[in-house]
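Structure first, then comments.
All of the numbers you see were taken from the coordinates with simple rules; none came from a lab. Since the structure is predicted, the reported quantities are computational estimates derived from the model, not experimental observations. Positions of Cβ are generated from backbone atoms using ideal geometry, with glycine treated the same way; all protein chains shown enter the neighbour counts.
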Amino acid sequence: MTTTGQEEFTLDTAAELASAERKSEIQGKSPWALAGRRLRRNYVALTFLAIFLLVVTCCLLAPVYVSQVSHISPNDVRTGATVVENGKKVHVISQGSTKIVNGVPQIVFGGIPLGPQYGAAGGQYILGADELGRDIATRLLYGGRNSLFIGATSAAICTTLSVILALLSGYFEGIVDWIISRFFDLIWAFPVVLLGIALGTALSVSGFHQGPINISGTSLWIPIGVISFVFIPYIGRPLRGQVLALRNREFIEAAIAQGAGPVRIMFSELLPNLASSVLVLFTLIVANCILTEVALSYLGAGVHLPNPSWGTMIQEGSDRLSTDPALSLFPGIAIALAVLSLNVFGDGLRDALDPRAKIRIEHG
Amino acid sequence: MAAYIIRRVFGMLLVLLAVSFIVYFIFIVIPGGDPAQRIAGKVATSANIADIRRKLGLDHHGFTGFFIQWYDMVRQLFTAQLVSYANQTNVVQQIEEGLPATFSLAIGAAVIWFGFGVLVGTISAVKAGRFSDRAITALALIGISIPVAWLGLILRFFLAGDGGSGVSWFPDGGYVPLTSNPVQWAYHLILPWFTLAVLFIGFYGRVLRSNILDTINEDFVRTAKAKGLSTRRILVKHVLRASLIPIVTLFGLDFASVLGGGAIITESVYQLHGVGWYAAQSIQSQDLPPLMGVTLYGAMFIVVFSLLVDVFYAYLDPRIRLS
Amino acid sequence: MAERLLEVNDLKVRFATEDGVVRAVDGIAFALERGKVLGIVGESGSGKSVTAMTLMGLTRGINARFEGEVLYKGKDLLQVTDRDMQEYRGNELGMIFQDPMTSLNPVYRIGEQIAEAIQAHEKVDKRAARARTIELLRQVGIPNPESRVDDFPHQFSGGMRQRAMIAMALSCNPSVLIADEPTTALDVTIQAQIVELVSRLKDDFDSAVIFITHDLGVIAEIADEILVMYAGRVVERGTTRDLFYDPQMPYTWGLLGSIPRLDRPRAERLHTIKGAPPSLINLPEGCKFRPRCPHAFDKCMQEPGLANRVETAGHLDRCWLDVAYKREHRDESISGGSAEAA
């Protein structure tokens, strides 16, 4: 052996050294851990996630707002009420009066709701009143609850159904795939908003009463069901494509050769590989669902009055744009904020999960 | 190729048939109850209701009756005899009257959104990571986060006549036919075009940016560089060509949707009496015949363009063999 | 003495990544003369591809840092702007890549892509470019070039695609052809054809070739001189004969030993080099191969310089071991006879 050293190295020692060296190298991390690390470094995405959670929290705290701040319920119609503004008593809906202009009496019509008070009226009508004397801020929060609830729930239902259909379609191929694809095509053939409105209107007439399920026409579950149905192809098709691509890979063949049944393969082998796509698609589809609810409610086919939702509020305010822009302005801002933060976060999530994100993040 | 197209056309007809069936199902079966009664209103006598039922052909009963009614309706539609329940106007004629507005809106907006979408997406990708990219991305994200209804209302309020802000750069909605006054036609359409396009520009820009950044890392782009081609040539002939293919697919379907009256909200907000607006009106009054007509009209566009897009895709990518 | 086309001096390439600074190439030097074939051999991660692409300027980017010189006919290519590099790429330096299917644009015809290369550098019209393309395809051995010139890449077989890529790379008569693992993605029988083709074309076009591979069998066929790379460094350099008959690096022994040989007594197990290549971010101290080297001793904690330690001039290595000791013990490592299982 060698002559110049004191220690003798054998092959075993060399192997030990090698593994000791390897520990100080980059550890093999799971893709999820790597993604988590990338996401944690993306301050913009995290900030917007925080904003979204803030919006959600505020809306969830709507009852607290009512009891502590405004003391006005969302559907409280107070056309004749008065409020103390900066010490003066003011009508919530102006009563009309006569004004002297250039010596000539002019009749000023009433019916104009109170504008945003901010702090002046002691917590009431912070963002003003609408044409029925209701408190906009309260309605904004309660409306947010409805809109966000509808958005999230329909996204969840849609995603679940789409994943199942995509798995079935991609795994079984053949006739099952044909039927499911035609199903997707059929839904897709309808202009989205039109289908949503059609279903929404039809179902709201007398609700849905089949078998054990009894949903009234004004229930929130109608728009939820409609919106989740309408977006199925949106998620289902890309996922189906992915499942088909994965279907022919060797690890599936191996699983089948080991005797794994269809359910096991679909849920233990295929589904984990879809997980990152599903996560990203889900986040983005919540945003779309919220926007769709707004569109449907605006057209009268979503949430029904007097239940507040951001969409109905925009619709209610659309007639009075010239006199009271605030009625439509605030709900729109709320929607844009919520959807924007979801989109930014969804973007950050996609960058983190995408293995090639490494190359893109490095710019600049 | 010809066999493929024939098969697709056959499939399309089936889809349209199914669509008409579903619309019928939605409006007659789902609400349950008696459509004639609904239409007659609250103070109708039973004689009135029976009368309406007979007039509108709703007096068939049972399972076969359902099909007979449906068939009647579809037949009437295709022979341009279909008449609205609510106001006795001819459905097909109403749709025809709505075409100019819808087409004007759709084509103008499509040109704008495709052009700007590609421009914005390309700039954003080429300058990836730098300020212009971040700014464009931010604007694009905002663009896709704003509800169309709200955007339309806000633009009308701030920029259009009588909106209340005092500024009156644009007319406050309404449609002026191209043939009567081209300048006014365009002038009235500027805000609607913009409103409709904003969403799509944001979306397309981001999709294109993502595609370009993916394509730049492809091996064949590396080869193109190794050949010594100029940066511009690589970008246009190799990168863009590959990146635009998915965009073309999206564009085909979105354009079809808008042409087919899918821009219901924009048409409503700006009072453009096109096909989409007609659809919205019919839905409010639960008027089935116009809805049937409009839905089939829209579905037809989507299905036809779907075929066109697939054929075009095969032309763009020689690896795809239509079968 | 043939014209010295390329001289690389102490080239270093570093990339900033989210995990740290990767020292992909950590000081390599070599020279290339017209008509010669330089083989570069090493595992994945040894820096051989990065070296090749750096010669062409394809590794430039926001996160890349370069040191040293790449002198092509006297001009330092590392200092040339990206725009000016377009003149060199394809024209003076041609490159072919590992996977010809993904390296060719699937939506354009083969002929179009080759003609594109020609027209980028020479003022010829479409018809002349096409004629030259057909000639090139014939030269690389594609049958029926007149009709196949209009085919798409997916209509060619793997071997033919690689021939087309070679045609494309040589279309403007570059002085240097860089082949980055051209045979790795191909069948063994096709491999031999491609190697033979490159050899013949080198003479026809009077160019120099840098041939990169991890396959020692291929390199023995074609290379005049061989560089063995490990962890971004050259660890042994010499003529093909020197390397195969008197290898000085234990790593080289490992590489030679891992090829199954018909003419040697059959070992119980195929000899492998234990361990894995080191992280290029956290390189081990001293000799980079030390952690995996069965003959390492305490002097190996100091990095050996690349020096000529044997009788033959021009045969360099980075190993402190005594030459006599090496010659005595290397057969064990190469034939792997006594390597007990671990």
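When the Cα positions of C:A296, C:S147, C:F205 are compared along the charge dipole of chain C, C:S147 comes out farthest toward the positive end, with charges on each C-beta of Lys, Arg, Asp and Glu. The calculated 222 nm mean residue ellipticity attributable to helices in chain C amounts to -9500 deg cm²/dmol, summing -39500 (n - 2.57) over DSSP H runs of n ≥ 4 and dividing by all residues. Dimensions of region A:225-328 based on its C-alpha atoms, expressed as ranges along the principal axes with the largest first, amount to 71, 19, 16 Å.
Please average, across the residues of B:211-224, the number of beta carbons from any other chain that are within 10 Å of each residue's own beta carbon, and give a whole number.
Values: counts 0, 0, 4, 4, 0, 2, 3, 4, 9, 11, 2, 7, 14, 9.
Average per residue, whole number: 5.
Taking every alpha-carbon pair in chain C and binning the separations at 10 Å intervals from zero gives 5, 24, 31, 24, 12, 4, 0 percent. Springs join every pair of Cα atoms under 10 Å in this Gaussian network model of chain C, and among C:R163, C:R200, C:R318 the largest mean-square fluctuation is at C:R200. Remark: region B:258-323 is approximated by an ellipsoid whose semi-axes, taken from the C-alpha gyration tensor as √(5λ), come to 33, 13, 6 Å, largest first. Listed from fewest to most Cβ neighbours within 10 Å, the set B:Y315, C:Y325 follows the order B:Y315, C:Y325. When each of the peptides A:222-229, A:161-168 is scored by how many other beta carbons lie within 10 Å of its residues on average, the order from highest to lowest is A:222-229, A:161-168. Within chain C, DSSP assigns beta bridges of which about 60% are antiparallel (rounded to the nearest 5).
Note on chain C: with charges restricted to the Cβ of Lys and Arg (+1) and Asp and Glu (-1), its dipole about the Cα centre is near 220 debye.
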